[in-house]
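The structure appears below as structure tokens.
The values are calculated or read from the model by the stated rules, or taken from the named source; none is laboratory data. These figures come from a predicted structure and were not determined experimentally. Neighbour counts are summed over all protein chains in view; Cβ atoms, including those assigned to glycine, are modelled from backbone coordinates with ideal geometry.
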Amino acid sequence: MKVGILGAGQLARMIALAGYPLGLDFVFLDPSGDACANKLGEHLHGDYQDPRLLAQLAESADVVTYEFENVSADVAEFLTSHTRVHPSPKALAVAQDRLIEKNFFRSLEIPTPEFAPVDSLEDLEQAMASIGYPAILKSRRLGYDGKGQSMLKSEADLRPAWELLEGAPAIVEGFVPFDREVSVIAVRGVNGSMAFYPLSENLHRGGILRVARSCAGDAMQSQAEAYVSRLMDALGYVGVLALELFETGGRLIANEFAPRVHNSGHWTIEGAETSQFENHLRAILGLPLGSTAPVGKSAMVNFIGGLPEPQEVLALAQTHLHLYDKAPRKGRKVAHATVRAETSEQLSSLLQPLTALADRVDDS
Ligand code: AMP
């Protein structure tokens, strides 16, 4: 069986690494000549919109998936009319646009921050009268890792924040004074069966994920599972999905979802019976889903912008290094490492030197 993936970055790379033991082959479509998954399969080198390459991808793959959500609707439609594609174009369309996404959450009674669409400075001024400060202005499309976002602390911030968007349609959201950020990684098979990983507690800095820690037995687990299963059922979803949430005062509020494997689930490689990458493949191929049960306590640390000497990471006890084969560049995720321990206390102490290393090389 051959799996086609749009994109050949680290997510595609880790999907392929999980697929080899299952006897799978891979073909990637990516515009970058040195994309980091290229060595792990056939590489179709060119634009995501290139009809010739898309036809080749659809022709050679038994099923197509993707590692990013900003796949254009035309491309998703073209692929679905030629081969099996998971997750569906509908999931992409909802995840790509923050306004459609928030309205979709609302229709499913999944709590969200207060929000309003913004297409002009007047819209923004009007919305702020009811939302109140602080708030965040975000472009509706093409935003990730905090890009295209401005914090609004007072009226003086409105015009500069709006001008920064250069007329792009936007959404303004009330700032949630969260106690912590969590995500739930879930998987749904073609027959509608579902499995959920333990919640991940996520630390961001500058809008970028730094540390994700698995939280088996968390008090918020069942609430998160209820929301993510409602979401996946409504989308008729197949594959792995990550729902990012804020916890505030014992409640969960949905921020966004990613229709794909997710950085906050990388710890599942060592910290769960079946990794998110393997379970994504099992789901899209119609195979039985694997157990999502945790294996010990684990946490993942991202290396952003720079790398320490691999020896420095490998010298740390119970620590597993994943290099992405990417040249370090400012703000770029180039590797991660996962620590696994017996107890939460042991995990915290093992994590300390690892986060110190990541902070030392971090250039963002
Ligand atoms: P996003 O790209 O929407 O995931 O935002 C990136 C990060 O900005 C989130 O992980 C939060 O740390 C922060 N953030 C985004 N939206 C809000 C909000 N409405 N309230 C508080 N923090 C937010």
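For the reader, a short list of remarks on this structure follows.
- Within the option set 109, 122, being surrounded by fewer than 18 Cβ atoms within 10 Å (Cβ to Cβ), at pLDDT 95 or above and under 30 Å from residue 225 (Cα atoms) holds for one residue only, 109.
- Counting residues in the range 337-353 that are within 19 Å of residue 201 (Cα to Cα), small (Gly, Ala, Ser) and in contact with a His (Cβ under 8 Å, 6 or more places away or on another chain) gives one or more.
- Test: residue in the range 198-220 that is closer than 24 Å to residue 334 by Cβ and away from the ligand (no atom under 16 Å from the Cβ): yes
For (1) touching a Phe, Trp or Tyr at 6+ places or on another chain (Cβ under 6 Å); (2) not assigned by TED's automatic domain parsing to the domain that holds residue 218, each residue gets a yes or a no:
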{"position": "131", "(1), (2)": "no, yes"}
{"position": "141", "(1), (2)": "no, yes"}
{"position": "150", "(1), (2)": "no, yes"}
{"position": "159", "(1), (2)": "no, yes"}
{"position": "164", "(1), (2)": "no, yes"}
{"position": "167", "(1), (2)": "no, yes"}
{"position": "185", "(1), (2)": "yes, no"}
{"position": "190", "(1), (2)": "no, no"}
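- Boolean, residue 347 is of a type in the set (A, V, I, L, M), surrounded by 15 or more Cβ atoms within 10 Å (Cβ to Cβ) and closer than 18 Å to residue 210 by Cβ: yes
- For the range 1-84, the strands (runs of 3 or more DSSP E) that sit wholly inside it and include 3 or more residues that are closer than 23 Å to residue 263 by Cβ and aliphatic (A, V, I, L, M) are 2-6.
- Selection from the range 134-144 of residues that are at negative phi, surrounded by fewer than 15 Cβ atoms within 10 Å (Cβ to Cβ) and touching a residue at least 40 places away in the same chain (Cβ under 8 Å): 134
- Strands (runs of 3 or more DSSP E) wholly inside the range 95-159 containing at least 1 residues that are under 18 Å from the mean Cα position of the chain (by Cα): 135-139, 149-152
- Selected residue [of a type in the set (Gly, Ala, Ser) and within 30 Å of residue 85 (Cβ to Cβ)] from 193, 150, 154: 193
- Qualifying residue in the range 263-280 (condition: away from the ligand (no atom under 16 Å from the Cβ), charged (D, E, K, R) and surrounded by 23 or more Cβ atoms within 10 Å (Cβ to Cβ)): yes
- Out of 127, 156, sole residue that is out of contact with any helix residue (DSSP H, G or I) (no Cβ under 9 Å at 6 or more places or on another chain), within 16 Å of the ligand (Cβ to nearest atom) and hydrophobic (A, V, I, L, M, F, W, C): 127
- Listed conditions (1) among the hydrophobic types (A, V, I, L, M, F, W, C); (2) part of a strand (DSSP E or B); (3) touching a helix residue (DSSP H, G or I) at 6+ places or on another chain (Cβ under 9 Å) are all met by residue 162, apart from (2).
- Qualifying position, being touching a residue at least 60 places away in the same chain (Cβ under 8 Å), touching a Phe, Trp or Tyr at 6+ places or on another chain (Cβ under 8 Å) and among the charged types (D, E, K, R), among 205, 213, 251: 213
- Only residues that are touching a Gly at 6+ places or on another chain (Cβ under 7 Å) and surrounded by fewer than 21 Cβ atoms within 10 Å (Cβ to Cβ) were counted in the range 1-35, giving 3.
- Looking across the range 165-186, the residues that are surrounded by 14 or more Cβ atoms within 10 Å (Cβ to Cβ) and more than 11 Å from the ligand (Cβ to nearest atom) come down to 165, 168, 169, 170, 184, 185, 186.
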